[in-house]
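Shown next, in structure tokens, is the structure this report addresses.
Quick note: the coordinates plus some simple rules give every number you see, no bench work behind them. Computed from a predicted model, the values in this text were never measured in an experiment. Here the Cβ is made from the backbone with ideal geometry for all residues, glycine too, and neighbour counts use every protein chain on show.
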Amino acid sequence: MNRPSLWEALRGVVRRDLLLAMRRRSDVAMSVFFLVIVASLFPLGVGPEPAVLRTIGAGVLWVAALLACLLSLGRVFTADYLDGVLEQMVLIAQPLPVLVVGKVFAHWIVSGLPVVLLSPLLGLQFGLDGEALGVLVLSLLLGTPTLSMIGAIGAALVLGVRGSGLLVALLVLPLYVPVLIFGAGAVTSSMAGMGGEANLSLLGACLVLSLFFSPWATAAALRIALE
Amino acid sequence: MNWSKYSAPLAFYPLAGKMIPWFSVVAALAIAVGLYIGLLVAPTDATQHDSYRIIFVHVPAAWMSMFLYVVMAIWAGIGMGLNARLSFMMAQAIAPTGAMFTFIALVTGCMWGKPTWGTYWVWDARLTSELILLFQYAGVMLLRTSIDDLRRADRASGVLALVGVVNIPIIYFSVQWWNTLHQGASVSMTAAPKMAAIMLTAMLLMTFGFWMYSIAVILARVRCVILERESQPAWSNPSAAPEVAEAR
Amino acid sequence: MYWGSVSEFLAMGGYGLYVWTSFIITALGITWEVLALWRRRAAALADSHGILRSTE
């Protein structure tokens, strides 16, 4: 029997997870809906002053995106953990970190990409204009994969633990701080006329760093959970 | 002398017991002398007046909080690399002391900030990273208590501690960067005046005292952890089965 | 000795509130930790079923 190559294994995992997600479309819709609601609550709480909304807009959207990602973290591994698929993944010959990358990528397509695509619309609600909107989309495009990568570590650590939903938030949120600072900072500095490039490249650095470390940490956490 | 035999928790237990009084005495002496010099002998500071004396507890607490986190992560890493149970117990014993020093550093930082900066809280790099550090300590301890299986709890919180080590410096630099963008902050946070030798002496003595105190407390706590774990019923902890204990 | 009188020492040049709060909170933290450990040790010893007889 031919062993599938790494690339094939990766593609297989992504395709399978996307298919599963497509069968449960309401899950996907829920995190998008959550993002829209959270983003709409802020103007109601802070007041409709356009100047205020413009200044808090980037931060609010970033925090909302971060929370939406957090809410969907439970879906990365839980179903596979419960029906035993995860155990098979640990046992097969393909390196576990590669499979983790596949699962996280699928998670990002389902929960991160919709956030990126929706963000210009929400940005308009907060009175962000032309360039700032572009930087917002770009920062989310670079930042949300990082959130998914880091979140996967937390999701793997709390597999099968009681109260895991709240626990994963407590574990992962401190790790999200740099991404939040750089992401929201990119938009604010571009609005201040300083350009968002510096922050965006730091976001890119975070993404590379998390792509490098997180699959290994996640794989270690999965092995610990399945022992 | 064969040191490796002390990697067995029950063999380490009496050794730790013998070390605790020494570290406690040294800690008490260093802290007493440090307090004497810092509060009674050292002159007042030209710019910060007497509020600067807060640094004699604040800076040592902040240093210990970060140092202990790294030490905790190292013990967890050794535990995972060598599959050593005592290392995980050390990591478990360090976390509460580290969290306490983090808390003290935060509160005394606020107490120092009010007279110096005019406000209890400023989102500067040091305070923010210290706050996140407190969250990370809380996360490590919460994860441990949420997992019933000891072996898994050790390893999972170890992974989290190691990930956190990468996070703290990134947060420090990101907040610093963030603050240089927001030039509005009116207080200069980098004003570190040259310290007189006597002040430095007091601060270093206090740091040394806190360090020795941490060792004493952590050894005492690791003894508790050993007792708690080894005396669990045999079905949950095969290494502490009664016949093993009696055979020694 | 830097201070002239006890009241001067307690006033800390007008910063007494902040300085003494800091030192007292630190002292409370350390006391609390030591007491908590004391109790934990007593509880652990009570539950240890004499596991230490052979080692100490």
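Side notes on the structure shown:
- Sorted largest first, the principal axis extents computed over the alpha-carbon atoms of the stretch A:6-226 equal 56, 32, 28 Å.
- With N counted as the residues of the stretch B:91-132, its alpha-carbon radius of gyration over 2.2 N^0.38 Å works out to 1.30.
- Nearest-ten-degree value, helix A:113-125 long axis tilted from longest Cα axis of chain A: 10 degrees
- Space enclosed by the convex hull of the alpha-carbon atoms of the stretch A:61-138, per residue, Å³: 85 Å³
- Among A:T55, A:L141, A:L96 the positive-end extreme of the charge dipole of the stretch A:6-226 (Cβ point charges): A:L96
- For the protein assembly as shown: rounded, prolate or oblate by the Cα gyration tensor [a/c cutoff 1.5]: oblate
- Relative to the Cα centre, the charge distribution of chain A, modelled as +1 at Lys and Arg Cβ and -1 at Asp and Glu Cβ, gives a dipole magnitude of about 500 debye.
- Kirkwood-based shape ratio for the stretch B:1-118, expressed as Rg/Rh from alpha carbons: 1.11
- Remark: mean inter-chain Cβ contacts per residue of B:213-220 equal 2, using a 10 Å Cβ-Cβ cutoff to other protein chain atoms.
- Local net charge near B:L160, Cβ-Cβ under 15 Å (Lys/Arg +1, Asp/Glu -1): +3
- Percentage relative contact order, the stretch A:132-227, counting C-alpha pairs under 8 Å, at least six apart: 45 percent
- Rounded to the nearest Hz, the phi-derived 3J(HN,Hα) couplings of the stretch B:133-142 under the Karplus curve 6.51 cos²θ - 1.76 cosθ + 1.60 (θ = phi - 60°) are 4, 4, 4, 5, 4, 4, x, 4, 5, 5, where x marks glycine and proline.
- Dmax and Rg, reported as Rg then Dmax, of the stretch A:136-202 (C-alpha, Å): 14.5, 48
- Column: log10 I(q)/I(0), Debye, Cα scatterers of the stretch A:31-82, q = 0.15, 0.28, 0.31 Å⁻¹: -0.48, -1.03, -1.13
- 15 Å Cα-Cα reach of A:K103 towards aspartates and glutamates, excluding residues that sit fewer than 8 places from it in its own chain: A:E8, A:D17, A:D80, A:E87
- For chain A, relative contact order (Cα pairs under 8 Å, six or more residues apart, normalised by length) works out to 25 percent.
- Other residues whose C-beta falls under 14 angstrom from the C-beta of C:G13 contribute a net charge of -2, scoring Lys and Arg +1 and Asp and Glu -1.
- In this Cβ point-charge picture (+1 for Lys and Arg, -1 for Asp and Glu), the stretch A:50-164 has a dipole of about 160 debye about its Cα centre.
- Given +1 at the Cβ of Lys and Arg, -1 at the Cβ of Asp and Glu and no other charges, the dipole of the protein assembly as shown around its Cα centre is 860 debye to the nearest 20.
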